[in-house]
Amino acid sequence: MKQISRIALAGVVLAALTTAAQAGPCLTVILTGTQGGPSVFNGQAGAGTLVSYGDDSNNCGAMKLQFDAGRGTNMRLSQINVTPVQLRAIFLTHIHGDHTEGLPDVMMLRWYLKGPKIDIVCSADAVSTLGFTNSCRNYVSHIADAFLQSGEIAERRSEDSARLAGGPADLANVVTFDPKEERQVVWSSGDVKVSAIRSTHISGHASYRVDTPAGSVVIGGDASNDVPAPPRAHSTSDQVERLANGADVIVHSTIHPVLGPDRGSGFPAQSFYRQSLASDLGAMAKRAGAKYLMLTHLAPSLGTARHNRWNVPGGALTEADYRKAVEAGGFTGTIIVGTDLTTLRLPAK
């Protein structure tokens with residue numbers, strides 16, 4: 001009988017070891033919002049990307065990192081069965097509203113559900129050339145103000161006094177860094193390392209790279225070239241290109257040449273030039289050796305004849321139009337023209 005028990009136990013141990021050995025590392029990249037700019041179209045959520053890392057046994061979901069949180073982020077996360085409590089950290093590329101409007105919603109629900117504190121990683125205060133200060137720290141510190149002033153926080157605490165008195169701001173551990181010309185590690189946990197680099201869009205803009213045993217992902221945000229307008233070699237960020245060297249995936253905001261000043265849309269030249277052209281992103285992804293290029297924050301959105309307040313010359317664009325632009329840059333890897341909840345898994349199943 002004892003011999004049989006030993007054999008059975010050995011079988012269980014062997015099975016467990018075999019399962020562990022088969023549970024290889026993996027990651028997923030999910031676009032939680034792809035709307036380009038402050039406007040809204042067809043229910044698209046504001047800019048955001050969820051990078052999850054784990055192994056086959058947990059569906060690549062042991063660690064969930066959210067990059068930017070535009071409006072509707074909570075709704076998109078709920079569609080993939082992710083709650084704000086499950087997020088390990090949130091990273092902001094810059095504090096334009098289309099990338100941050102969903103943060104109070106995410107943090108309020110995390111507070112309501114009594115989740116733990118969370119790191120919110122972003123650049124330190126940055127003074128604009130016009131003299132004002134872009135402050136991620138101030139933004140996060142004040143995300144509870146409306147709920148406090150309305151009485152919402154007091155009302156909810158009367159129902160459950162275990163909720164923190166300061167509301168969602170009390171859950172935020174703001175981690176700031178000074179973006180530099182070369183990448184620096186700004187956050188890490190276990191096998192996951194997140195680096196950042198300075199990039200141009202507005203003062204304080206930063207781009208990120210996530211490195212894991214399953215692969216690496218670059219989140220470019222709205223980065224563009226340091227030279228604000230032509231003549232210039234390309235519209236893409238030289239800093240992001242260095243960050244992306246050897247990465248598997250590049251996720252990047254993009255603008256289509258159809259909105260250019262020479263095409264008659266009336267779209268402001270300054271706004272056009274501070275985004276990266278789809279064709280130039282294709283060339284950058286090729287030079288960096290990326291396997292995948294995920295386009296997000298599309299300007300104009302797929303299927304719309306108007307981008308914000310401006311007509312799209314020639315009418316609405318299709319996925320094929322964006323692919324053609326990227327291919328014109330010479331990229332031969334996998335092109336993903338993003339829509340909300342577009343998902344990429346590494347390694348592919």
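Quick notes on this one:
- Here the condition is being in contact with a Gly (Cβ under 7 Å, 6 or more places away or on another chain), surrounded by fewer than 24 Cβ atoms within 10 Å (Cβ to Cβ) and within 29 Å of Gly54 (Cβ to Cβ); of Asp191, Asp170, Asp248, it holds for Asp248 alone.
- Pairs with Cβ under 7 Å, 6+ apart, first in region 95-119 and at pLDDT 95 or above, second crowded, with 21+ Cβ neighbours inside 10 Å and acidic (Asp, Glu): His99/Asp68
- Qualifying position, being surrounded by 23 or more Cβ atoms within 10 Å (Cβ to Cβ), in contact (Cβ under 8 Å) with a residue 60 or more places away in the chain and part of a loop (DSSP other than H, G, I, E, B), among Ala45, Ala69: Ala45
- Of all residues in region 158-180, those being touching a Phe, Trp or Tyr at 6+ places or on another chain (Cβ under 7 Å) and hydrophobic (A, V, I, L, M, F, W, C) number 3.
- Qualifying residue in region 197-211 (condition: in contact with a helix residue (DSSP H, G or I) (Cβ under 7 Å, 6 or more places away or on another chain) and in a helix (DSSP H, G or I)): no
- Residue in region 323-349 that is surrounded by the most Cβ atoms within 10 Å (Cβ to Cβ), counting only those that are more than 26 Å from Gly72 (Cβ to Cβ) and of a type in the set (S, T, N, Q): Thr334
- Extreme residue, surrounded by the most Cβ atoms within 10 Å (Cβ to Cβ), among residues of region 261-280 that are without any contact (Cβ under 8 Å) to a residue 40 or more places away in the chain and touching a helix residue (DSSP H, G or I) at 6+ places or on another chain (Cβ under 8 Å): Phe272
- Residue match in region 31-38 (condition: more than 20 Å from Ala89 (Cα to Cα), in a strand (DSSP E or B) and at pLDDT 95 or above): yes
- Scanning region 77-86 for residues that are surrounded by 24 or more Cβ atoms within 10 Å (Cβ to Cβ) and either charged (D, E, K, R) or in contact with a Lys or Arg (Cβ under 7 Å, 6 or more places away or on another chain) (or both) turns up just one, Pro84.
- Only residues that are more than 23 Å from the chain's Cα centre (by Cα), under 26 Å from Gly43 (Cα atoms) and not in a loop (DSSP other than H, G, I, E, B) were counted across region 273-328, and they come to 6.
- Members of region 153-179 that are under 20 Å from Cys136 (Cα atoms) and touching a helix residue (DSSP H, G or I) at 6+ places or on another chain (Cβ under 9 Å): Gly166, Gly167, Pro168, Ala169, Asp170, Leu171, Ala172, Val174, Thr176, Pro179
The values are calculated or read from the model by the stated rules, or taken from the named source; none is laboratory data. On a predicted model such as this, the values are computed, not experimentally measured, just so you know. Counting neighbours? That spans all protein chains shown, and the Cβs are built from the backbone with ideal geometry, glycine included.
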